[in-house]
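Heads up, the thing below is written out as structure tokens.
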Amino acid sequence: MSEIKVLAGDFLISNGTFSFGTIVLKTSKHSFVGEKISSKELEIIQIASEESIELIGGCMELGETEANLFGSDGILAKHEVSEKEIIFVAKFKDGRKFLGITDPSTFKKMGGVIPEGMGESLFKCKGSDLTSLILTNSGVTIKRLGESGKFMPYSQITSVDINNTKDKSWKFFEITEGEGKIKCPKCDSEQISSDQKGFGVGKALGGAVLFGGVGLLGGLIGSKKVMLACLKCGNRWEAGTQTNSLKFISPKEQQNFEMARKIIQERINTNQNVKNQNVESQQSYSDVEEIVKFSELRDKGIITEEEFQTKKSQILMRS
């Protein structure tokens with residue numbers, strides 16, 4: 001008997017089981033022993049991602065907001081796909097859905113497919129502060145001494161940079177998530193202030209670009225010690241030491257982080273290509289639907305054959 005842990009959806013957040021083709025999950029009606037459901041009743045079971053969650057109807061279908069699922073402190077960020085654990089989405093034929101965790105073997109027995117190499121480590125390296133950077137096929141984990149680590153799916157990473165400080169004493173390997181905004185590493189708030197001249201404490205910097213050639217901190221780091229403060233929770237930290245950065249100094253470390261940057265950038269490009277293909281596919285499907293609609297209007301005599309052919313040509317030309 002294997003364990004399934006329900007994280008969100010139409011079933012109670014609790015531990016379920018899978019054994020001999022039968023899934024047992026707790027519901028409000030069967031909250032004690034759980035409801036037995038044949039795995040043959042599964043219509044969809046896929047590794048959790050933006051695409052697979054969209055396939056079952058989106059975050060709201062699981063009773064969660066996008067931030068709760070994909071945010072830096074969201075469910076997917078806390079549960080990395082690995083060789084020992086799979087986080088997945090499932091939909092039964094009766095329409096009920098859930099987000100769950102189980103081991104890879106059970107996931108496959110229920111009908112799930114694991115891409116070759118998924119969860120395997122691609123590359124590992126450490127910064128001068130002994131912070132580890134671990135790259136897998138599904139995302140990046142930054143693990144500091146004494147901490148459990150932070151996982152970022154490649155789909156949530158917008159850029160990765162190596163920044164030199166002005167005094168050349170340190171270099172920073174930076175990963176930017178989402179829209180690249182400065183956020184408190186403790187509470188994720190964007191209400192941030194700085195003690196750097198020109199950005200006095202109490203003056204919020206929320207929404208400023210985090211790093212890069214024109215980024216705010218790209219110009220501040222290295223000039224002198226710059227302290228940032230969260231106006232929401234009071235947390236204070238040195239610019240360049242937030243969750244998504246690693247410090248390094250030696251040529252060997254530089255070489256390792258250059259390799260890491262190359263791998264991450266390739267994954268970002270791949271995800272972007274997939275997203276572009278999905279958009280094109282959706283547009284193509286929308287065009288077909290529109291042509292069918294005008295075809296039905298023609299068949300009903302509402303528009304003429306000539307009008308139908310004109311509309312059809314216009315739709316195909318814009319594609």
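Results, tabulated for the structure shown:
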quantity	calculated
Kirkwood estimate for the stretch 2-109, i.e. one over the average of 1/r between Cα atoms, Å	13.8 Å
In order through the stretch 104-113: 3J(HN,Hα) via Karplus (6.51 cos²θ - 1.76 cosθ + 1.60), integer Hz, x for Gly, Pro	x, 5, 5, 4, 5, 5, 7, x, x, 10
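Readers should treat all values here as calculations from the given coordinates under stated rules, not as data from a laboratory. In this text the structure is predicted, and so the values were computed from the model without any measurement.
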